[in-house]
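> Structure provided below as structure tokens; questions to follow.
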Amino acid sequence: MSVNFLISQAKNIQKVIDENAPEIEALDQNIGDGDHVFNVQRGLKLVVELENTIKDLPMDKALNMIAMKVLSGIGGSSGALFGTFFMSMAKTTDLNKNINFNKACEMIINGIQAMKERGKAGVGEKTMMDVLIPVSDKLKDIKNKNEIEQELNDVIKIAKDRMLATKDMLCTKGRASFLGERAKGHIDPGARSSQLIIETICKSVINQ
Amino acid sequence: MKKFINKTDDFLRESLEGFGKAHSDIIKVNFDPNFVSRKNKTKEGKVSLISGGGSGHEPMHGGFVGHGMLDVACPGFVFSAPSPDQMLAAAEHVDSGAGILFIVKNYSGDIMNFQMGAEMYSQKSDSIVTNDDVAVEDSTFTTGRRGVAATVLVEKIVGSLAEDSGSLEDCKKIGEKVNKNAGTMGVAFTSCTTPEAGKPTFDIGPDEMEFGVGIHGEPGRKREKIQSSKKIVGNILDAILDDLKPENNEKMLLFVNGMGGTPLTELYLVYDDACKILQSKGVEITRSLVGNYCTSLEMQGASITLLKCDEEILKNWDAPVHTAAMRWGM
């Protein structure tokens with residue numbers, strides 16, 4: 001994994017999120033206040049705009065710049081959570097060497113662990129963590145590097161299943177928690193955007 | 001969407017520019033990172049109070065910066081918590097050696113961002129989290145009660161003590177006392193539209209109201225058919241009194257807050273209804289506040305806050321204040 005890979009992923013994700021923005025916005029208006037997708041879009045735009053600033057930087061510096069940009073440019077819960085994600089990825093050891101598949105997984109696992117601590121949310125609370133924690137657990141389990149394609153297809157499936165599963169959950173974190181029973185029957189918008197992000201990254205690694 | 005707007009991306013900046021120009025005798029607006037500070041530097045040895053939150057609740061919090069209240073306010077995007085770099089820059093700007101007290105409304109995004117800001121700030125700091133909204137059941141299974149209009153009262157009362165050379169510990173203590181003795185509940189008749197979304201946050205029928213609404217239009221206890229003011233006010237007060245459990249003849253401050261789209265004429269009518277009902281329940285109303293202080297853009301609706309008052313709270317409530325949105329005694 002390289003800084004250029006990060007930038008190209010940000011561009012891919014931006015395209016997918018833009019295409020699905022009306023759906024995510026509608027989900028958020030059902031149970032939240034409708035700002036989630038705009039926050040994610042604003043963050044992606046800022047990261048893509050960083051291309052020339054970070055493309056020749058070492059991985060940890062590039063990640064920290066992305067983290068600060070996301071923190072200050074998004075705001076809200078998403079800013080804090082995604083900022084924390086990139087900051088913790090940057091703290092992974094040995095980033096100055098070649099970053100292979102296992103190392104990239106370790107970075108993502110570290111990032112998701114830090115988000116979990118920052119947001120104090122676990123599985124089953126109807127948030128983006130319902131997608132990200134099981135994805136992280138699956139990445140920890142990938143032992144056989146010869147079957148990466150199959151493993152990543154499994155990751156895509158886990159993300160999708162877990163996203164859909166938020167539909168019947170009660171929400172106990174964030175603004176949707178104030179809805180009580182009324183939150184049931186709606187997919188969590190953060191879970192949907194996270195699932196789209198995971199799917200986009202996995203697909204582009206498979207197609208590499 | 002019908003709003004005074006030039007470009008969506010410029011909405012917040014232009015509004016802050018105007019705020020800075022209109023109140024240049026009291027405050028100064030700093031950009032990138034955005035914060036509103038007092039025009040005059042905080043005096044040495046005074047505890048500095050920093051609050052903040054998403055924009056769209058004006059005059060909260062920028063309108064409460066000035067003598068006797070806040071030292072700095074950090075405005076986020078509309079309905080989005082401000083970011084840690086704003087808190088850090090604000091804290092470094094007002095650091096006067098006596099410590100910083102962050103006043104944070106209990107919303108996940110605000111809590112996370114203020115926490116990160118405080119972690120980045122190396123000097124002495126502490127925080128108060130307000131959670132006065134009785135519409136939300138407080139339990140270990142939810143984010144907990146929301147911080148809403150009583151935050152105004154906390155900022156006023158803590159602000160007075162800080163101005164009066166109160167220590168960081170004492171400021172935190174009185175702030176927590178005010179928060180604990182206050183209860184709020186709101187009702188919305190219409191939704192509100194954030195400039196980015198361009199359409200209303202939620203759908204609500206012309207004859208419906210959202211009982212227990214939050215300050216971003218997030219839903220409350222239940223959706224009901226609209227009723228007479230007396231009934232609505234009675235139900236709100238029942239919920240608050242049930243939570244605060246006042247003594248007989250307890251002295252209370254009654255605060256009727258507009259959500260942004262309801263005229264003062266109606267807010268005073270609500271105040272009148274509340275007075276009558278509280279009197280019949282043996283509550284003595286000792287202070288009042290009526291107006292738009294903690295709003296949700298153009299939402300029609302109101303919230304009522306009750307605060308149990310002791311001598312210490314009353315003394316600090318009455319103390320002079322000079323901010324863009326609240327001024328008395330000087």
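Please treat every number below as a calculation from the coordinates, not as lab data. Note that the structure is a prediction, hence the values are computed from the model and not measured. Ideal geometry is used to build each Cβ from the backbone, glycine not excepted, and the neighbour counts take in all protein chains shown.
> With r defined as the distance between the Cβ atoms of A:Ser8 and B:Glu284 and R0 fixed at 56 Å, what FRET efficiency is calculated, to the nearest 0.05?
Rounded to the nearest 0.05, the efficiency is 0.25.
> Taking the Cα centroid of region A:122-190 and of region B:35-66, what is the distance between the two, rounded to the nearest whole Å?
39 Å
> If you don't mind, another one. Spelling out what I want: for every residue of region A:38-49, take phi, set θ = phi - 60°, compute 6.51 cos²θ - 1.76 cosθ + 1.60 (Karplus), and round to whole Hz; glycine and proline get x.
Result, ordered by residue: 5, 4, 5, 4, 5, x, 5, 4, 5, 5, 4, 5 Hz.
> Mind jotting down the distance between the C-alpha centroids of region B:101-137 and region B:199-237, whole Å?
If we compute the Cα centre of each part, the gap is 27 Å.
> Would you pull out the residues with amide H under 5 Å of B:Thr190's amide H, same chain only if 5 or more places away, H placed 1.01 Å from N?
Amide H neighbours of B:Thr190: B:Gln300.
> Show that you can apply the helix-only estimate: for chain B, add -39,500 (n - 2.57) for every DSSP H stretch of four or more residues, divide by all residues, and state [θ] at 222 nm to the nearest 500.
Numbers: 8 runs with 104 residues, N = 330.
Result for chain B, helices only: -10000 deg cm²/dmol.
> Continuing with the same structure: What residues have an amide H closer than 5 Å to that of B:Phe35, excluding those fewer than 5 places away on the same chain, when H is modeled at 1.01 Å from N in the peptide plane?
Residues meeting the criterion, in which the H sits 1.01 Å from N, are B:Asn30.
> Out of residues 5 or more away from B:Ser55 or on other chains, whose amide H comes under 5 Å of its own, with H placed 1.01 Å from N in the peptide plane?
Hits under the 5 Å cutoff: B:Gly76, B:Phe77, B:Val78, B:Phe79, B:Ser80.
> Would you work out which of B:Gly220, B:Ile103, B:Ala188 lies farthest towards the positive end of the dipole of chain B, given +1 charges on the beta-carbon of Lys and Arg and -1 on that of Asp and Glu, about the Cα centre?
Most positive-ward Cα: B:Ala188.
> Take every residue in peptide B:186-197, count the Cβ atoms of other chains within 10 Å of its Cβ, and give the average of those counts.
Details: counts 0, 0, 0, 0, 0, 1, 1, 1, 4, 1, 8, 8.
Partner-chain Cβ atoms within 10 Å, mean over residues of B:186-197: 2.
> Let me ask something additional. Within region B:64-94, name every residue whose backbone N is under 19 Å away from a label modeled 7 Å from Cα of B:His322 along the Cβ vector.
Counting only backbone N, you get B:64-73.
> Moving on to the next point. Place +1 on the Cβ of every Lys and Arg and -1 on the Cβ of every Asp and Glu in region B:6-102, take the dipole about the Cα centre, and give the residue among B:Ile26, B:His57, B:Met87 whose Cα lies farthest towards its positive end.
B:Ile26
> Per the Kirkwood definition applied to all pairs of different Cα atoms, how many angstroms is the hydrodynamic radius of the protein assembly as shown?
Every distinct Cα pair counted, the radius reaches 24.0 Å.
> Can you tell me the length gained on complete extension of the stretch B:Arg223 to B:Glu14, counting 0.36 nm per residue apart and subtracting the Cα distance?
Values: separation 209, 0.36 × 209 = 75.24 nm, distance 3.57 nm.
Difference between extended and current length: 71.7 nm.
> Considering only Cα-Cα distances, which of the following residue pairs are longer than 18 Å: A:Lys116/A:Lys173; B:Lys46/B:Lys177; A:Lys11/A:Lys120?
B:Lys46/B:Lys177; A:Lys11/A:Lys120
> Something else: Please give the FRET efficiency for B:Asp238 paired with B:Glu176, using the beta carbon to beta carbon distance and R0 = 22 Å, rounded to the nearest 0.05. Don't skip to the answer; put the middle values down first.
On the way: r = 25 Å, r/R0 = 1.16.
E(calc), rounded to 0.05, equals 0.30.
> Only helical DSSP H runs with n ≥ 4 go in: add -39500 (n - 2.57) per run for chain A, normalise by residue count and round the 222 nm mean residue ellipticity to 500 deg cm²/dmol. Intermediate results must be reported in sequence, preceding the final value.
Details: 9 runs with 146 residues, N = 208.
Taking each H run of at least 4 residues, the total per residue is -23500 deg cm²/dmol.
> Would you mind working out the magnitude of the charge dipole of chain B relative to its Cα centre, with +1 at each Lys and Arg C-beta and -1 at each Asp and Glu C-beta, to the nearest 20 Debye?
Values: 35 positive and 46 negative charges, 91 e Å.
It works out to roughly 440 debye.
> Something else now. Taking DSSP loops as anything outside H, G, I, E and B, show the longest stretch in chain A free of trypsin sites (Lys or Arg not before Pro) there with at most 10 other beta carbons within 10 Å. Walk me through the intermediate numbers first.
Working: sites that count: A:Lys97, A:Lys143.
After excluding every exposed loop site, the longest remaining stretch is A:1-96.
> Could I ask something else about it? Which Cα, out of B:Gln123, B:Pro246, A:Pro134, lies furthest along the positive dipole direction of the protein assembly as shown (beta carbon charges, K/R +1, D/E -1)?
A:Pro134
> In addition: In debye, nearest 20, what is the charge dipole magnitude of the protein assembly as shown about its Cα centre with +1 on Lys and Arg Cβ and -1 on Asp and Glu Cβ, if you could check?
Details: 63 positive and 73 negative charges, 82 e Å.
Around 400 debye, computed over the protein assembly as shown.
> Right, another one. Karplus couplings for region B:302-319 from phi (6.51 cos²θ - 1.76 cosθ + 1.60, θ = phi - 60°), rounded to Hz, Gly and Pro as x?
Going residue by residue, I get 8, 10, 10, 10, 10, 10, 5, 10, 10, 4, 5, 5, 5, 4, 6, 5, 6, 4 Hz, with x marking Gly and Pro.
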